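Below is one structure, written out as C-alpha cells; comments come after it.
The values are calculated or read from the model by the stated rules, or taken from the named source; none is laboratory data. A quick note: this is a predicted structure, and the numbers were derived from the prediction, not measured. With ideal geometry, Cβ positions are generated from the backbone for all residues, glycine too; neighbour counts draw on all protein chains shown. Please note that ligands, DNA and RNA were not included when accessible areas were found on the heavy atoms of the full protein model with its side chains. Shrake-Rupley method; radii C 1.70, N 1.55, O 1.52, S 1.80 Å.
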Amino acid sequence: MKSIPINEPLLNGNEKKYLNECIDTGWISSEGPFVKQFEEQMAARVGRKYGIAVCNGSVALDVAVAALDIGKGDEVIMPTFTIISCAAAVVRAGATPVLVDCDRVTWNMDVNQIEDKITPRTKAIMVVHIYGLPVEMNPILALAEKYGLQIIEDAAEMYGQTYQDQPCGSFGTISTFSFYPNKHITTGEGGMIVTDNQLLAKRCLSLRNLCFQPQQRFVHYELGWNFRMTNLQAAVGIAQLERLDEFVVRKRNIGKQYTDLLSDLSGLQLPLAQTDYANNIYWVYGIVLKDEVDFDAKEAMRRLGELKIGTRPFFWGMHEQPVFQKMGLFVEESYPVAEKMARQGFYVPSGMALIDEQIKQVATNLREILQ
Ligand SMILES: Cc1ncc(COP(=O)(O)O)c(C=O)c1O
C-alpha cells in the first residue's frame, strides 16, 4: 500500500502559466506586477480595502502587532490552543500574551473566558480561527467595542469561510492569512495582511520593507523587516485564488466523507459539521480520542504511521511551552481543555490533492488501530 501524506497541494491550474510569465519577463522579485494584483484580489475576496503581501503567515502577525503599536506593558488576549506564531509575535514585541482556554466542541477560543481577562493594560484580542470553524465573533466584537480594544484576526486557516455570512478576514482591525502548502490556497511560503485602515496599511507596507523612506531611501526612522513576497509566489497565489471556491467545496466534501466513514466509532470525537454561524470548511480533519480509548494521540499517530498514513498532532498550548515557561510566562496556569486536546488530538490527511480512495484507506486504517 502506498503511503498517504498528511498534505499535498493541487497546482494544476494556471500556476505554470503565470510562473512562466515571471520568468519570461524577468519579474521575479517583490517588485513584479503579480504582487499588487494578488494583494488587491485577496483584499477584495474578504471585503477589505487594503492587502499587504508578506513572506509567511507568522511574520504577518509580527507586522500586525507592530503596526498597532503593541509593546511593553500591553496585554493581548488570545487562545492558548494555537500555533506559536501568535504568542511569539506578542512576546517579541515586548507585550504579554494573556491566555484563554478553548471550547471542547469547536476547539476555538472560549469566548466566555475573555471578559474576566481584560485589564487596563489590555490592548487587543487576537482571534485565531482553528481548524475549520470560525471563532464566535459577535461576543468578541461587543467586548472590543465596550473596552475599546483592537482585534487582530488570524484567518490563516479560514480561506473561504464565513461567520454569519461575513468573510473570515473581515473582522480584525488587522487580519492575517498564511499560504503555506497545507492551506486551502498556497504560494509555497507566503502571507497576507488585510485592513480597511489606510494609515495601518501604509504602516504595514513600510514595516515589511525595512521602513525605507520615500524621501531619502536609506535614512530610517523606525526598524522594519524584509518580509516581502516575491512575484513568483504571488503568481502561484493568483492561480490558486482563481480556484478557491472549488477548493472549499472539495474540502467540505473530504470532511463529509471522513465523518460518514467514521461516525460509528464511539471512541472518536469528530469535527463539528456546523454551528448556527458557520459550516465547517475542514482546513484539516481533526480527531480527538475520547477518554474511553486506552491510548493517546501519540500512540494513534505511531500506529497510523506504521500503516503509512501521515498525521500531525494538534497544537500544544502556549502555557505548556518550555520556551515561554523559561521566560516566566504562564506560571502555574492551567487550561484543561487545551491540555486534553494536545494529548488526545491529531489530524489525518486532508490536503487538496487527496483522492476519495485515500480517504477510505485512512478511515479503514483508523478503524483497525482502534480495535
Ligand atoms: C492559525 C495560524 N496562524 C499562523 C500560522 C503561521 O503561518 P506560516 O506557516 O505561513 O508562518 C499558521 C500556520 O499553519 C496557522 O495555522
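Tabulated values for the structure
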| item | result |
| --- | --- |
| Flag if PHE179 is closer than 17 Å to GLY351 by Cβ and touching a strand residue (DSSP E or B) at 6+ places or on another chain (Cβ under 7 Å) | yes |
| Residue selected from the stretch 176-226 under the condition under 17 Å from the mean Cα position of the chain (by Cα) and among the aliphatic types (A, V, I, L, M), by the criterion farthest from the ligand (Cβ to nearest atom) | VAL194 |
| Scope the stretch 326-340; condition among the hydrophobic types (A, V, I, L, M, F, W, C) and exposed (fewer than 10 other Cβ atoms within 10 Å of the Cβ); matching residues | VAL331 |
| Extreme residue, most open to solvent (accessible area, probe 1.4 Å), among residues of the stretch 343-364 that are more than 19 Å from LEU268 (Cα to Cα) and touching a residue at least 40 places away in the same chain (Cβ under 8 Å) | ASP356 |
| Qualifying residue in the stretch 233-250 (condition: of a type in the set (A, V, I, L, M), in a strand (DSSP E or B) and surrounded by 16 or more Cβ atoms within 10 Å (Cβ to Cβ)) | no |
| Of residues in the stretch 53-85 being within 10 Å of the ligand (Cβ to nearest atom) and of a type in the set (Gly, Ala, Ser), the one surrounded by the fewest Cβ atoms within 10 Å (Cβ to Cβ) | SER85 |
| Strands (runs of 3 or more DSSP E) fully within the stretch 112-191 counting 1 or more residues that are surrounded by fewer than 24 Cβ atoms within 10 Å (Cβ to Cβ) and at pLDDT 95 or above | 122-128, 150-154 |
| VAL90 vs. criteria at pLDDT 95 or above, at negative phi and either within 16 Å of the ligand (Cβ to nearest atom) or surrounded by 19 or more Cβ atoms within 10 Å (Cβ to Cβ) (or both) | yes |
| Filter result for MET229 (under 19 Å from the mean Cα position of the chain (by Cα) and either among the hydrophobic types (A, V, I, L, M, F, W, C) or more than 30 Å from ASN20 (Cα to Cα) (or both)) | yes |
| Residue count for the stretch 74-111, restricted to those that are outside any loop (DSSP other than H, G, I, E, B) and of a type outside the set (Gly, Ala, Ser) | 18 |
| Enumeration of residues in the stretch 198-225 that are without any contact (Cβ under 8 Å) to a residue 40 or more places away in the chain and open to solvent by 60 Å² or more (accessible area, probe 1.4 Å) | LEU199, LYS202, LEU210, PRO214, GLN215, GLN216, ARG217, PHE218, HIS220, TYR221, GLU222, LEU223 |
| So LYS251, is it more than 19 Å from the chain's Cα centre (by Cα), among the basic types (Lys, Arg) and at pLDDT 95 or above | no |
| Number of positions in the stretch 291-323 that are open to solvent by 30 Å² or more (accessible area, probe 1.4 Å), in contact (Cβ under 8 Å) with a residue 40 or more places away in the chain and under 17 Å from PRO271 (Cβ atoms) | 2 |
| Pairs with Cβ under 9 Å, 6+ apart, first in the stretch 330-342 and in contact (Cβ under 8 Å) with a residue 24 or more places away in the chain and at positive phi, second aromatic (Phe, Trp, Tyr) and assigned to a helix (DSSP H, G or I) | PHE330/PHE324 |
| Selection within the stretch 5-44 - surrounded by 21 or more Cβ atoms within 10 Å (Cβ to Cβ) and closer than 23 Å to TYR163 by Cα | GLU39, MET42, ALA43 |
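Quick grid of which residues meet (1) within 30 Å of LYS360 (Cα to Cα); (2) out of contact with any Lys or Arg (no Cβ under 6 Å at 6 or more places or on another chain); (3) in a strand (DSSP E or B):
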residue	(1), (2), (3)
ASN12	yes, yes, no
PHE38	no, yes, no
GLY47	no, yes, no
ALA53	no, yes, yes
LEU61	no, yes, no
VAL65	no, yes, no
